[in-house]
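The values are calculated or read from the model by the stated rules, or taken from the named source; none is laboratory data. Computed from a prediction, not measured in an experiment: that's the story for all the values here. Quick reminder, even Gly has a Cβ in these numbers, built from the backbone with ideal geometry, and neighbours come from all protein chains shown. Protein only, heavy atoms only, side chains kept; ligands, DNA and RNA dropped before computing areas. Shrake-Rupley method; radii C 1.70, N 1.55, O 1.52, S 1.80 Å.
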Amino acid sequence: MPIQKVDVFPLQYQEPNDDYADRYVVLVRLETDDHIVGWGECISQFRPATFATAALINNGLGDLLLGRDPLENEKIWQDLKTEVWWYGDVGGIAAFAISALDMALWDLKGKILNQPLYKLLGGKQHERLPVCASTHPKAAEIDDMAQELAGFIQQGYQLVKVGFGKKGHANLGVSAQRDIAFVKAVREAIGPDAGFIVDIGAKMRWDTPYAIQMARAFLPYNLTWLEDIFQPNNMLAYTHLRQAVPDLRVGFGERFWNLDDYQRLFEADVCDVILVDPGRTEGITGMHRITQLAARYKINMDPHSWSSAINTAASIHIAIASTNANIFEMKPIENPMQHELTPTPFAHKDGWIYPPEGPGLGVEIDEDVVRKYTLA
């Protein structure tokens, strides 16, 4: 059953959940000599990163898998990390490439052994997880955005998450008065029991005094957590915020790359929940190790999966097999990478997500759709 073929597909698509912005992923297809196929993904997100990731795999990293036994996937993962010692052992484009290859290896392994991924990771720690509608509101009026979010709760989602600084006319994250009015309106619209997360995001540049002011203003509206408030290297700002607003729950970490990054975060004691993505953090192997370490620090984990059904499947399996997973985010509007890529798109059931029970990732991929969105 050695691997005989590695195919790479850099994809571009328009994302309805992000005001139809162009977004990018890289898919990897592995095939053994007896024609078993495994799929993996990285969330490269931007065009230059997508071409660079595909080039790394096509021009060397993929060759490391040829002739190898996919059941030895963790040894292959370590060999990939050793290979990129000069240009990626601390993250970056190499981590994207390793993520996609590692994910495909786990998919292959599960199919060869006829086991779903969560069993290969030690079995279920949860039967199901509550689902959060992860959104980028774009309407100009606060009431319109609040009602849209309330609509997702009415559809059965148990939480809503809002990204500030996104496309459209929302203009969130730049005006204290508007942001506080927005948070108040959303809480009133969704009711007291629904979860509500605010993600400040990469485009915002809040300083520490302003963040403290806003966090205190948001406290009456019972946020599930406030996310990515500062740039990821600004641990001191997070420390000051935690000391000034101790009742605030903080989510952090989606821009980190590997176990060492997250260990520094855990030791700094500045967050209550980590965001982590197998399409970025060196695949399923990397994310599972990060999640296990977070559990030892009593820190919850939220899979930051906002790309294709392949990454969604991997994230569900890892979360279900993790003691410290507490929610699962999903894009609430139908989109190409979820609703075209697979004939059986993921959907919540009464606000809950359950793991696929098929072998490997348990998701079937339409290869015609892959080719449809592949960049020339």
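Residues that are in contact (Cβ under 8 Å) with a residue 24 or more places away in the chain, out of contact with any strand residue (DSSP E or B) (no Cβ under 7 Å at 6 or more places or on another chain) and surrounded by 16 or more Cβ atoms within 10 Å (Cβ to Cβ): list the helices (runs of 4 or more DSSP H) wholly contained in region 58-164 that include at least 3 such residues.
73-83, 93-113, 142-154
If we scan region 5-13, do we find a residue that is more than 22 Å from the chain's Cα centre (by Cα), over 27 Å from residue 340 (Cα atoms) and modelled with pLDDT of 95 or more? Before you say what the answer is, go through the steps one by one.
Filtering region 5-13 down to residues more than 22 Å from the chain's Cα centre (by Cα) leaves 5-7.
Checking the rest, the ones that are also over 27 Å from residue 340 (Cα atoms) come to none.
No - not one qualifying residue is present in region 5-13.
Among the residues of region 22-57, what is the count of those that are loosely packed, with under 15 Cβ neighbours inside 10 Å and more than 20 Å from residue 359 (Cβ to Cβ)?
Within region 22-57, residues that are loosely packed, with under 15 Cβ neighbours inside 10 Å and more than 20 Å from residue 359 (Cβ to Cβ) number 4.
A quick yes/no check of all residues on (1) in contact with a His (Cβ under 6 Å, 6 or more places away or on another chain); (2) more than 23 Å from residue 93 (Cα to Cα); (3) part of a loop (DSSP other than H, G, I, E, B):
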| residue | (1), (2), (3) |
| --- | --- |
| 305 | no, no, yes |
| 319 | no, yes, no |
| 329 | no, yes, no |
| 332 | no, yes, yes |
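Outside any helix (DSSP H, G or I), of a type in the set (Phe, Trp, Tyr) and more than 23 Å from residue 198 (Cα to Cα): is that true of residue 346 in this structure? Can you show your working first?
Numbers: outside any helix (DSSP H, G or I): yes; of a type in the set (Phe, Trp, Tyr): yes; more than 23 Å from residue 198 (Cα to Cα): yes.
Yes, satisfied.
For the subset of region 257-285 comprising residues that are of a type in the set (A, V, I, L, M, F, W, C) and open to solvent by 10 Å² or more (accessible area, probe 1.4 Å), which member is nearest to the chain's Cα centre (by Cα)?
Top of the filtered list is 257.
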